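Structure first, commentary second.
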Amino acid sequence: MKKLIILLLLVTSAASQVIAQQKAKREVLPADIQIKIAMQAAPTEFREGAKVYGYDSEGKFVILREGTNDYICLAPDYKLPLLYAYAYPKSLEPFMARGRELIAQGKRRERDAIREEEFKAGKLNIPQHPTMLYGYWGSLEKLNQETGEMADAKRRYVLYVPFAKAADLGMASKPTVPGMPWLMDEGSYKAHIMINPADMGHSHGH
């Protein structure tokens, strides 16, 4: 019985430590650090003038910095275990903003169907020409707070090509060789070429 009690205490202690670590990771980073991380997602020539969204001290999604060019950067969602930033041209903002809105409403699973319906109804815009989305992510433990760079950072690239067909592009319509580009959602209004690192390690929607 004593051994069982000790084992239970050890398990409880370990669980408490994990919960404490998760809560620590969920703290909102200072605005200047959020901006530095967000900027890392964008091509270098667009970073300084990009508009940056992130989170205030209470966790509310807000504008952290107004921009002077046509790029938008998103700071990492502080509630997620990985620091995942995005960058994209302003022409993609209606599509991206609607996705965030639906997720906030608890409709993550339904968001693609809802956005497609709204697009077909003429209520939602998405560029009808090739448009880039950049992803940049890594861990808090590997973050350089002076630069916003992460030693374990990875990058992914998404090129929207509305209504494209895989056969027309000479491209696979599903993942094959790790790191090799492929066309997702082919033939749809948001068909896009996925270029993930070979060692991505997880899936991530947008």
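General observations
- If you go through region 147-192 and keep only what is within 18 Å of Tyr136 (Cβ to Cβ) and either loosely packed, with under 13 Cβ neighbours inside 10 Å or of a type in the set (A, V, I, L, M, F, W, C) (or both), you end up with Thr147, Met150, Ala151, Asp152, Ala153, Val158, Leu159, Gly179.
- Filter pass, Ala31 being under 13 Å from the mean Cα position of the chain (by Cα) and at pLDDT 95 or above: no
- Listing of strands (runs of 3 or more DSSP E) fully contained in region 39-103 that carry 3 or more residues being closer than 22 Å to Val158 by Cα and touching a residue at least 60 places away in the same chain (Cβ under 8 Å): 83-89
- Residue match in region 119-127 (condition: within 16 Å of the chain's Cα centre (by Cα), within 28 Å of Leu83 (Cβ to Cβ) and at pLDDT 95 or above): no
- Residue check for Leu92: modelled with pLDDT of 95 or more and touching a helix residue (DSSP H, G or I) at 6+ places or on another chain (Cβ under 7 Å): no
- Residue in region 112-126 that is within 23 Å of Pro178 (Cα to Cα), of a type in the set (A, V, I, L, M, F, W, C) and either touching a Gly at 6+ places or on another chain (Cβ under 8 Å) or surrounded by 15 or more Cβ atoms within 10 Å (Cβ to Cβ) (or both) present: no
- Residues of region 59-92 satisfying the condition of being under 18 Å from Val28 (Cβ atoms) and over 11 Å from the mean Cα position of the chain (by Cα): Gly59, Lys60, Phe61, Val62, Ile63, Leu64, Arg65, Tyr78, Lys79, Pro81
The values are calculated or read from the model by the stated rules, or taken from the named source; none is laboratory data. As the structure is a prediction and not an experimental result, all values here were calculated from the model. Quick reminder, even Gly has a Cβ in these numbers, built from the backbone with ideal geometry, and neighbours come from all protein chains shown.
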